[in-house]
Amino acid sequence: MRFVHTADWQIGKPFVRFGDKAEALRGARLDAIESLGRLAVAENAAHVLVAGDVFDSDTPTNVTLRAPLERMRGFPGVTWHLLPGNHDAHRPGGVWERLAALGPPANVRLHLTATPMALAPDAVLLPAPLTSRAETRDLTARMDDTPTPIGTIRIGLAHGAVTRFGTPEAEGEATNQIDPGRAQKAGLDYLALGDWHRTREIGPRTWYSGTPEPDRHDSQTVGSALLVTVTEAGAPPLVEPRAVGTYRWASDAVEIADAEPLAAREALLRTTQDPMSKLVLKLKITGAVSIADRRKLDDWLERLQAAVFHLDAALALAVRPDAADLESIDFDGVLRRVAESLKARAADPALSGAERQIAEDALLALYLEATA
């Protein structure tokens, strides 16, 4: 028995902070479905299990609702199993009733109840769909008592959190909890989970697939899915992570005292993050530099912003003018005296941080004007 385990597509996610680039990120989520389909075909996996959060919300437009169906329709030899998650929980009049009314393709199964479904003569899927955004019960518990014929491969499909299940901190606050020992308790050969946006092994038979397209920097760098092979009931599953995403989300932090490290940092990015045009980069730069080096940094950031898909740069830099900076402004005259005064104010501990920053900004502006 071989299948692809995926989750957290969140089709229709708005990506508001990305402005006119948001459409490309939304489109990549649909492209990921085709990548999953190609993976299934290439690896002779007859099924793709989607462990919840197919949609980003339970109120997508009709076009958003139909778009993933059309991508799945393009792989008629693969059966796609869709499960409601917390973002798109199954409720009366919600997204899943609308989807069912549209008449999904013959190769798409909607798991809106906990009814077991045969995947093969010797394999059964046990789904645990969410019917509310914040479920207080562990819906996988019913798998313990769901009978299947002896020798049947039992595969669970669920969406929720296992990280703090049963701990004192979780009592009264956590929702959509799943017992991390569910696979053993329910005799599951594999438990396919969604909700956690990183690929994560909870146990040999329990995995989070991660998302095929990351949506934040604290998730995994590149989108992935799991190719799972279970040879027979009771046999340990073979779980193989596979990259399927388009965009890579990376974070970097660098402390500098001059502009020298920038070229090496850029070379490293271009080597490890090729193509740069698909990189969503969060960058933090700290340290203290001269005015001339700050200007070089601004030029470097401008070049980097042009190279990557999106750059989120946070600067926590102090500008420390050196003698060369001051001479560039004025060797000996009124501007030089103004620059000296601003330099002193920018470093004066008796002034507030805001006042020092004003002086620093004014000194930088004076330098740029004088050296233009």
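Looking across region 151-161 at every residue that is part of a loop (DSSP other than H, G, I, E, B) and either in contact with a strand residue (DSSP E or B) (Cβ under 7 Å, 6 or more places away or on another chain) or at pLDDT below 95 (or both), the one that is farthest from Ser132 (Cα to Cα) is identified as Thr152.
Candidates are the residues of region 200-246 that are under 18 Å from Ala161 (Cβ atoms), of a type in the set (Gly, Ala, Ser) and crowded, with 19+ Cβ neighbours inside 10 Å; the one that is farthest from the chain's Cα centre (by Cα) is Ser209. Residues that are of a type in the set (A, V, I, L, M, F, W, C) and either more than 19 Å from Asp252 (Cβ to Cβ) or in contact (Cβ under 8 Å) with a residue 40 or more places away in the chain (or both) were ranked within region 289-316; the one that is surrounded by the most Cβ atoms within 10 Å (Cβ to Cβ) is Ile291. Do we have Leu36 as under 17 Å from Gly245 (Cα atoms) and assigned by TED's automatic domain parsing to the domain that holds Ala106 here? Yes; evaluated as a whole, the condition is true for this residue.
Of the residues making up region 1-27, those that are assigned to a helix (DSSP H, G or I) and surrounded by fewer than 19 Cβ atoms within 10 Å (Cβ to Cβ) are Val16, Arg17, Phe18, Gly19, Asp20, Lys21, Ala22, Glu23, Ala24, Gly27. Based on this model, can you work out whether Thr61 counts as surrounded by fewer than 20 Cβ atoms within 10 Å (Cβ to Cβ) and either on the phi > 0 side of the Ramachandran plot or β-branched (Val, Ile, Thr) (or both)? It is true that Thr61 is surrounded by fewer than 20 Cβ atoms within 10 Å (Cβ to Cβ) and either on the phi > 0 side of the Ramachandran plot or β-branched (Val, Ile, Thr) (or both). Within region 272-288, the set of residues being farther than 16 Å from Ala253 by Cα and at pLDDT below 90 comprises Asp274 only. Looking at Val108, is it at pLDDT 95 or above and more than 22 Å from the chain's Cα centre (by Cα)? So Val108 fits the description; yes.
Restricting Pro212, Pro236 to those that are in contact with a Lys or Arg (Cβ under 8 Å, 6 or more places away or on another chain), within 28 Å of Leu269 (Cβ to Cβ) and at pLDDT 95 or above reduces the list to Pro212.
For every residue, the table says whether it meets (1) of a type in the set (Asp, Glu); (2) more than 41 Å from the chain's Cα centre (by Cα).
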residue	(1), (2)
Leu317	no, no
Leu335	no, yes
Ser352	no, no
Glu360	yes, no
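Collect the residues in region 114-150 that are of a type outside the set (A, V, I, L, M, F, W, C), under 28 Å from the mean Cα position of the chain (by Cα) and modelled with pLDDT of 95 or more, keeping them in residue-number order. Matches in region 114-150: Pro127, Pro129, Thr140. When the test is whether a residue is closer than 30 Å to Leu368 by Cβ and outside the structural domain of Leu366 (by TED's automatic domain parsing), Arg242 does not pass it. The number of residues in region 95-116 that are surrounded by fewer than 18 Cβ atoms within 10 Å (Cβ to Cβ) and either within 14 Å of Pro60 (Cα to Cα) or free of Cβ contacts under 8 Å to residues at least 24 places away in the same chain (or both) comes to 8.
The values are calculated or read from the model by the stated rules, or taken from the named source; none is laboratory data. Bear in mind that the values here come from a model prediction, so they are computed numbers and not experimental data. Counting neighbours? That spans all protein chains shown, and the Cβs are built from the backbone with ideal geometry, glycine included.
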